[in-house]
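Structure first, then comments.
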Amino acid sequence: MRQATLHQLKVFEAVARHNSFTRAAEELFLTQPTVSMQVKQLSKAVGLPLFEQVGKRLYLTTAGKELFGTCKELFDRLSEFESKIADLKGLKRGVLRLSVITTAKYIIPRLLGLFSQRYPGIDISLKVTNHERISERMLNNQDDLYVMSQLPEDFDINVHSFLENPLVVLAPRSHPLVKETNIPLQRLADELFIMREPGSGTRQAVQKLFDEQNIKVKVKLDLGSNEAIKQAIAGGLGISVLSRHTLTSENMNNEIAVLDVEHFPIRRHWYVIYPAGKQLSIVAKTFFDYLMNEGKVIAEQNFIHNHNINVTSDLNYPAKD
Ligand code: PGA
């Protein structure tokens with residue numbers, strides 16, 4: 001192991017965690033050949049292969065599994081060390097690692113602006129992805145704080161309610177249902193439906209309601225992005241259910257409308273979460289306090305408030321919310 005470098009270990013850890021050279025390359029902003037080369041050199045330094053390819057799947061060898069476990073411990077210890085040193089120096093500096101679900105991207109980056117002006121020594125790593133991926137990241141202890149709407153069941157976590165995150169039914173503005181009120185849920189079964197991808201919390205919440213109410217919708221297509229779904233609705237591909245926060249790009253507000261369907265909006269919240277045993281660094285604690293106090297007020301006053309006005313007047317948003 002004499003020639004192994006920390007960089008090679010980081011690259012290897014990402015490949016092993018994603019079980020994919022491509023995804024590791026994306027995460028690390030490297031090219032795939034660079035990632036393969038780093039792993040190859042590391043494998044040489046170890047003296048044994050670290051991965052094996054069976055069919056199309058990549059597997060860790062026994063040596064790879066050992067090294068993966070070692071890497072996880074090593075990086076956890078290093079990041080603990082870094083934040084302890086920063087804490088000891090009483091400095092609000094270091095890296096803040098956040099993972100947020102797709103809809104939180106409409107608010108969290110805005111709140112980060114002010115935070116980052118106030119604490120220029122804090123670098124921020126923000127991952128925006130769906131619930132399934134966030135749970136994976138939490139399991140691997142990859143971030144300081146997580147923002148999500150559906151609480152993971154298999155973790156012992158600290159949960160703090162942040163803001164409302166209701167789900168609404170969206171249709172093209174020219175759709176005949178736009179003029180109707182109190183539309184029976186069953187009526188959605190006659191429409192072509194656009195669903196978020198498996199692993200999405202939005203999809204899970206919608207599916208749960210449909211299962212409970214015994215509704216079978218005709219899913220025309222699965223899409224992994226809220227923005228792409230809005231474009232598809234505007235393009236007449238079907239209707240969908242998304243978080244009301246996705247209606248912030250004003251340029252689309254005259255193309256899609258919120259339908260007044262019974263059982264909607266599905267009321268949910270964004271929560272700020274971290275694993276129960278986790279010691280928050282000063283940096284993470286500083287951001288947490290900012291988010292729960294100032295951040296919440298800024299979002300409610302400047303963002304959610306304006307957004308509601310926009311939705312009720314322009315988007316025929318049902319008065320009941
Ligand atoms: P999702 O979560 O990206 O996993 O669908 C979004 C939300 O719950 O608001």
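The values are calculated or read from the model by the stated rules, or taken from the named source; none is laboratory data. What you see is a predicted model, and the numbers here were worked out from it, not measured in a lab. Note: ideal-geometry Cβ built from the backbone for every residue, glycine included; neighbour counts use all protein chains shown. Accessible surface is based on the protein model in full, side chains and every heavy atom, while ligands, DNA and RNA are left aside. Shrake-Rupley method; radii C 1.70, N 1.55, O 1.52, S 1.80 Å.
Quick grid of which residues meet (1) at pLDDT below 95; (2) of a type in the set (Ser, Thr, Tyr); (3) out of contact with any strand residue (DSSP E or B) (no Cβ under 8 Å at 6 or more places or on another chain):
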residue	(1), (2), (3)
142	yes, no, no
149	no, yes, no
154	yes, no, yes
164	yes, no, no
169	no, no, no
174	yes, yes, yes
179	yes, no, yes
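Total residues in region 144-178 satisfying the condition of being open to solvent by 70 Å² or more (accessible area, probe 1.4 Å) and either more than 16 Å from the ligand (Cβ to nearest atom) or of a type in the set (Ser, Thr, Tyr) (or both): the figure is 5. Kindly establish whether residue 35 is among the β-branched types (Val, Ile, Thr) and either away from the ligand (no atom under 16 Å from the Cβ) or open to solvent by 60 Å² or more (accessible area, probe 1.4 Å) (or both). Spelling it out, residue 35 is indeed among the β-branched types (Val, Ile, Thr) and either away from the ligand (no atom under 16 Å from the Cβ) or open to solvent by 60 Å² or more (accessible area, probe 1.4 Å) (or both). All of (1) more than 24 Å from residue 126 (Cβ to Cβ); (2) surrounded by 15 or more Cβ atoms within 10 Å (Cβ to Cβ) hold for residue 11 with one exception: (1).
Residue-level check: of (1) within 17 Å of residue 240 (Cβ to Cβ); (2) of a type in the set (Val, Ile, Thr); (3) open to solvent by 60 Å² or more (accessible area, probe 1.4 Å), residue 181 misses just (1).
Every listed requirement among (1) assigned by TED's automatic domain parsing to the domain that holds residue 281; (2) more than 21 Å from the chain's Cα centre (by Cα) is met by residue 84 save one, (1). Could you check region 195-213 and list, in sequence order, the residues that are under 16 Å from residue 244 (Cα atoms) and more than 8 Å from the ligand (Cβ to nearest atom)? Result: 195, 206.
All conditions but one from (1) outside the structural domain of residue 192 (by TED's automatic domain parsing); (2) part of a helix (DSSP H, G or I) apply to residue 264; the one that does not is (2).
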